[in-house]
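Q: Below is a structure I'd like to ask you about.
The values are calculated or read from the model by the stated rules, or taken from the named source; none is laboratory data. Keep in mind that what you see is a predicted model, and the values were worked out from it rather than measured. Neighbour counts run over all protein chains shown; Cβ positions are idealised from the backbone, glycine included. Heavy atoms of the whole protein, side chains included, go into the accessibility calculation; ligands, DNA and RNA do not. Shrake-Rupley method; radii C 1.70, N 1.55, O 1.52, S 1.80 Å.
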Amino acid sequence: MGSLRRSPGPGGQRLLPPALLLALLLLLAPSPGHATRVVYKVPEEQPPNTLIGSLAADYGFPDVGHLYKLEVGAPYLRVDGKTGDIFTTETSIDREGLRECQNQLPGEPCILEFEVSITDLVQNGSPRLLEGQIEVQDINDNTPNFASPVITLPIPENTNNGSLFSIPVASDRDAGPNGVASYELQVGPEAQGLFKLQVAEDQDGKQPQLIVMGNLDRERLDSYDLTIKVQDGGNPPRASSALLRVTVLDTNDNAPKFERPSYEAELSENSPIGHSVIQVKANDSDQGANAEIDYTFHQVPEVVRRLLRLDRNTGLITVQGPVDREDLSTLRFSVLAKDRGTNPKSARAQVVVTVKDVNDNAPTIEIRGIGLVTHQDGMANISEDVAEETAVALVQVSDRDEGENAAVTCVVAGDVPFQLRQASETGSDSKKKYFLQTTTPLDYEKVKDYTIEIVAVDSGNPPLSSTNSLKVQVVDVNDNAPVFTQSVTEVAFPENNKPGEVVAEVTASDADSGSNAELVYSLEPEPAAKGLFTISPETGEIRVKTSLDREQRESYELKVVAADRGSPSLQGTATVLVNVLDCNDNDPKFMLSGYNFSVMENMPALSPVGMVTVIDGDKGENARVQLTVEQDNGDFVIQNGTGTILSSLSFDREQQSTYTFQLKAVDGGVPPRSAYVGVTINVLDENDNAPFITAPSNTSHRLLTPQTRLGETVSQVTAEDIDSGVNAELTYSIAGGNPYGLFQIGSHSGAITLEKELERRHHGLHRLVVKVTDRGKPPRSGTALVHLYVNDTLANRTLLETLLGHSLDTPLDIDIAGDPEYERSKQRGNILFGVVAGVVAVALLIALAVLVRYCRQREAKSGYQAGKKETKDLYAPKPSSKVSKGNKSKGKKSKSPKPVKPVEDEDEAGLQKSLKFNLMSDAPGDSPRIHLPLNYPPGSPDLGRHYRSNSPLPSIQLQPQSPSASKKHQVVQDLPPANTFVGTGDTTSTGSEQYSDYSYRTNPPKYPSKQVGQPLKLSIPRPPPHPYHGAIWTEVWE
């Protein structure tokens, strides 16, 4: 609210008139329009359109039918006229930048005042004024800083340890916790341990102080550079630092000395009066007047004294006259330094000042004609049909300066089709020549003239530039060719059309005028389309002259030419692509009239067996062909898209070798078209069948007599293979059962022939293992058993059947060939003979001993001594004679059996009834053999033709040596049959019929007369009755 002020009256005061006072009182009375204060708080630096508050929502002001208007608060605020919402604007509210908050005391809030008027639009009453305040809250958006980036702090060298020196404080525009919070001192290695920072707090804030912690010596080091860092308390905090330079003060007691023996400096020409060139400096370690130094020129030229001034006290050299590089480029002189002591001392230094060029001259540009192009009044005429890079002028650029200041760059300004090209390579940087030439073809119809501005800029600092211009007038020619509205036009046209139909229409335009814009159309078709199309010269209408066939040609490319009537005439071209649309007028076609495929048998189901190719001259759906199998029985399917035929079964050539069916191809046209083709599948043979033996059977046999001739076919093996080709070509081989190599088989015929003579040991059953192998890959084979029975007759069939049964039960790797007991019986006979011989020898010794004793006893009783003759008769057997044999035969006639007749049929028939034997092996791994009993009933046939004798030794021949010899046989016959050895020469023996016809009677003796095994023949006369009556006569072989 405002306050009334009094104006002075005559008495020093003057009252207001009563009428005016009454009016003011009415205005100050309470009314509906009195002001209401609102307060908001908002952080500074908020983005535009941030809602600060809503007058209607926050303070209950109306939000309908009223107008809100901001009276005070711009440009930081704006108010929504309908709702009274207060927003920020593009002008950010910066707390530190507000004028109202510049001179605030610490802790005082920053207030931004605003006023809003509210007008009732319904009642149209007086506005209502709202006075409000926005407290702008501080954010940490300012960094604390020192007043200077370098703080100098002088400290005497004799300062005591612990002395404090105040450091200028840092300031932060932010307030409160965002203000200065802490200080930090960072020292280098040279100041380590000499200084320390202390921060004192008082009512003015934090005061940093430097504490001296060590002795300072100026002669050793006259200054220390430290870093002091200040940081505020914001989040995140902000920090900055300054260089704290501590200078050590000292006394002077030494002579002057220049810091450098010589000085060099550069001085720009045209430098102003008083400009500093260089400062020479000499130091003196003394104090007082002894350390005060005067500087003077020493023997310098006059020009130096005219251009330069040397300050006597500071050694600063400044400019006192105009310096021109073109007059003098280098100043060389000496400076003398002298102290003010009683005995002054001095020093001298050399100074060289190089005058540096200043860019004080702008480049100059000269433009003139070149060649046939002439210039008149700054204008050049050029035809629009000139070639690119045609020169229209020669431009020469120069600069009086030197170095970089004379290096000139010249360019064409603006977007014009001209450029500069260097005309000479011998020019210097300060003087260059260029051709001004065209960059693109000129077009009079687009631009009739050009103003070319050339700018030259040197490389000085700052650079100087100059400009010059040339006007180029373009002369018009007929340079515009006709242009089609479309350079390429594609037209879809159906096949089987009627001749004369319109295919397309093309149009072109020409930017020229008059006769140069009159156009004539013509066609330049490709060779394949020549004579098929025509065009109207005036309208560009294209027609077809004949019926088109897409299958013959799918598209045509026509070149349309539009030529103007200018001189010379210009032409424009366009391309018309005529795409012939397809009609379904072609049947599908198989590539072959019939297909024959060959596949291997035993392929798995759904294997590919062949592929067919079908084409359709049409296109699109009309050419999309579907393949099916006709007369479909499910054996085959076909893949659409690839034409691959798959089998639904696994082939077996032996069951069916050929398959025949038809394929049907149907296209997708409307109406559809179809075609048929026959397919034959030939199943190739695979070696999946082994040879089959047709003859002989494994249980059959064939008699082979010992009289069989060599080379004679004794058996025939036949086999079949239901495969074909090489898989059915068979080879025969004997895989086993031929240990003696008696037989051989034809590898291709299968005929088995006898290759060696048959011997006694070969008699019996021979089982040949014949392997029949085909020539397939891998080969397959079958095995046949061929039984050959080597014997004179087949009388003993029971034995043969038993042998066959044994053969079928015997593994194939065990040979069955002839009599297996032949060799073994010979070995056992030798062993038995040795045993018997030993037993006979022992018995003989015993008999001799008994005989000697008997004779001695007899002589003792009778007084008779036996002579040597008796001893000789005892040991010398008498040879037998045929007469004695005949007598012996007659003496035994009543007991001898009937002679054996060689009737094989009857003998073998009787043997089948009485013979009992077993097939067995003596030991593991031995071949089976037949064990026959040693006792046979009388009348049994002789088995010597079928098997070897149980004893391979010659039979014992008994010779009668005494009258009692006839009883010997009775004794032998009474012995057990298993222990009886009967000689073949004794026809009265009861066991003679049990041995083979192959007797040693008909063969020469196996052993010579002196070999071991020769029979020892004893002949002892029978004595009278004696206690030892009944002794046995024994013959032993050794």
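Q: For the stretch 663-744, give the percent of accessible area contributed by carbon and sulfur heavy atoms, probe 1.4 Å, rounded to a whole number.
A: Details: 2030 of 3960 Å².
C and S atoms contribute 51 percent here.
Q: Could you sort the peptides 560-566, 107-113, 274-280, 684-690 by per-residue average Cβ neighbour count (10 Å cutoff), highest mean leading?
A: Values: 560-566: 20.4, 107-113: 13.7, 274-280: 16.4, 684-690: 18.0.
Highest mean packing first, the order is 560-566, 684-690, 274-280, 107-113.
Q: Okay, next question. Where does each of 593-602, 131-140, 774-783 land if you order them by average Cβ count within 10 Å, highest first?
A: Ranked from most to least packed, the peptides come out as 131-140, 774-783, 593-602.
Q: Another question, if that's okay. Please sort 787-799, 698-710, 313-325 by packing, taking for each peptide the average over its residues of neighbouring beta carbons within 10 angstrom, highest first.
A: Working: 787-799: 19.3, 698-710: 13.8, 313-325: 16.8.
Order by mean packing, descending: 787-799, 313-325, 698-710.
Q: Moving to a separate point now. Using amide H atoms built in the peptide plane, which far-off residues or other-chain residues are under 5 Å from Ala181 H to H?
A: Correct list: Gln231, Asp232, Gly233.
Q: For Val300, what is the net charge nearby, where nearby means another residue's Cβ is under 11 Å from its Cβ and Lys, Arg count +1, Asp, Glu -1? Before the final figure, lay out each step's value.
A: Details: positive: Arg305, Arg306, Arg332; negative: Glu302.
Taking every Cβ under 11 Å from that of Val300, the sum is +2.
Q: When the dipole is taken about the Cα centre of the stretch 46-89, and only Lys, Arg (+1) and Asp, Glu (-1) are charged at their Cβ, what size is it in debye, to the nearest 20? All intermediate terms of the calculation are to be shown ahead of the outcome.
A: Working: 3 positive and 5 negative charges, 24 e Å.
The dipole magnitude comes to about 120 debye.
Q: Still on this model: Kindly write out, for the stretch 748-761 in residue order, the coupling ³J(HN,Hα) from the Karplus curve 6.51 cos²θ - 1.76 cosθ + 1.60 (θ = phi - 60°), rounded to whole Hz, with x marking Gly and Pro.
A: 10, 8, x, 7, 9, 10, 7, 10, 10, 5, 7, 10, 4, 5
Q: Further question on the same structure: Excluding Val353 itself, calculate the net charge of residues whose Cβ lies under 9 Å from the Cβ of Val353, where each Lys or Arg counts +1 and each Asp or Glu counts -1.
A: On the way: positive: Arg332; negative: Glu264, Glu266.
The answer is -1.
Q: Now a separate question. Can you give the convex hull volume per residue for the Cα atoms of the stretch 296-367, as a whole number of Å³?
A: Values: hull volume 6.6 nm³, N = 72.
Taking only Cα atoms, the stretch 296-367 has a hull volume of 92 Å³ per residue.
Q: Mind listing the phi-derived Karplus ³J(HN,Hα) values for the stretch 729-744, rounded to whole Hz, using 6.51, -1.76 and 1.60 with θ = phi - 60°, and x for any glycine or proline?
A: Result, rounded to whole Hz: 7, 10, 10, 10, 8, 8, 8, x, x, 10, x, 8, x, 6, 10, 9.
Q: In the neighborhood of Glu601, defined by Cβ-to-Cβ distances under 9 Å, what is the net charge if each Lys or Arg adds +1 and each Asp or Glu adds -1? It would help to have the intermediate numbers written out before the result.
A: Values: positive: Arg653; negative: Asp652, Glu654, Asp685, Glu686, Asp688.
Charge balance in the 9 Å sphere: -4.
Q: Per 10 Å bin from zero, what fraction in whole % of the C-alpha pairs of the stretch 38-137 is there, up to the bin with the longest pair?
A: 16, 47, 27, 9, 1
Q: List the GluC sites (Glu not before Pro) within the stretch 253-297 that fall in a DSSP loop (any state other than H, G, I, E or B) and whose Cβ has at most 15 other Cβ atoms within 10 Å. Kindly include the intermediate steps, with their values, before the conclusion.
A: Details: sites: Glu259, Glu264, Glu266, Glu269, Glu292; in loops: Glu259, Glu269, Glu292.
In loop regions of the stretch 253-297 (DSSP not H, G, I, E or B), the sparsely surrounded GluC sites (Glu not before Pro) are Glu259.
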